[in-house]
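The values are calculated or read from the model by the stated rules, or taken from the named source; none is laboratory data. Quick caveat: nothing in here was measured; it's all calculated off a predicted structure. Because the Cβ atoms are built from the backbone with ideal geometry, glycine has one as well, and the counts that use them run over all protein chains shown.
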Amino acid sequence: MTQHKILAISGSLRTGSTNHNILKYLGGLMPADIDYTIYDSLALIPPFDPGNDDDYPPEPVFEVRELLKQVDGVIICTPEYAFGVPGQLKNMLDWMVSSASFSDKPVALITASLGGETAHAAMLLILGALNARVADGARLNISFIRSKMDGDKVADEETIAKLNDVVNAFLKAF
């Protein structure tokens, strides 16, 4: 049986963030034949510089590009900061434009924040620019996320059901 590889990326740099906890929850939903990894080096990626965007980018950029080449799909879970995409996540995605790292790769997008609508819409545009394939049914905006958590656990039954639906739709995209 072929083992699929999934890379999960949190848009939050904060240790123990809600978005990271959602990604940990999703990892528990994965079937045994899925190799699921949460990317934890987002903070190491330097500011995007088109002058360094070539075959020899900075090491952290090279590493994430290599990781993306090796996976079958990507799950992104991000908050919304000041009505937009968190800067470090946007920065990492800017580095990916010329590499085709997301090209035709199945992606699930979850925005979990107070509101999230603006960042969610922006992320869909960015993923479109990257030629990523956001899987049908694998996009979810969870507003008022903190009211749906109990510590580091997802506690709201409706949110749990929607997260399960996102995972199922995403896995069908392979």
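Odds and ends about this structure:
- The stretch 26-52, residues that are among the hydrophobic types (A, V, I, L, M, F, W, C), more than 19 Å from Leu68 (Cβ to Cβ) and touching a helix residue (DSSP H, G or I) at 6+ places or on another chain (Cβ under 9 Å): Leu29
- Residues (aliphatic (A, V, I, L, M) and surrounded by 13 or more Cβ atoms within 10 Å (Cβ to Cβ)) located in the stretch 145-174: Ile145, Met149, Val154, Ile160, Leu163, Val166, Val167, Ala169, Leu171, Ala173
- Selected residue (criterion: farthest from Val97 (Cα to Cα)) from residues of the stretch 115-130 that are of a type in the set (A, V, I, L, M, F, W, C) and under 13 Å from the mean Cα position of the chain (by Cα): Ala119
- Every residue from the stretch 64-100 that is at pLDDT below 95 and on the phi > 0 side of the Ramachandran plot: Ala100
- Test: Ala119 is surrounded by fewer than 20 Cβ atoms within 10 Å (Cβ to Cβ), among the small types (Gly, Ala, Ser) and modelled with pLDDT of 95 or more: no
- Failed item in (1) in a helix (DSSP H, G or I); (2) in contact (Cβ under 8 Å) with a residue 24 or more places away in the chain, with Phe62 passing the rest: (2)
- For the stretch 110-154, the set of residues classified as of a type in the set (S, T, N, Q) and more than 16 Å from Gly73 (Cβ to Cβ) consists of Thr111, Ser113, Thr118, Asn141, Ser143, Ser147, listed by residue number.
- One residue stands out in the stretch 47-59 among those that are in a helix (DSSP H, G or I) and of a type outside the set (Asp, Glu): the one that is surrounded by the fewest Cβ atoms within 10 Å (Cβ to Cβ), namely Gly51.
- Scope the stretch 1-23; condition surrounded by fewer than 18 Cβ atoms within 10 Å (Cβ to Cβ), in contact (Cβ under 8 Å) with a residue 24 or more places away in the chain and within 24 Å of Glu63 (Cβ to Cβ); matching residues: Gln3, His4, Lys5, Leu13, Gly16
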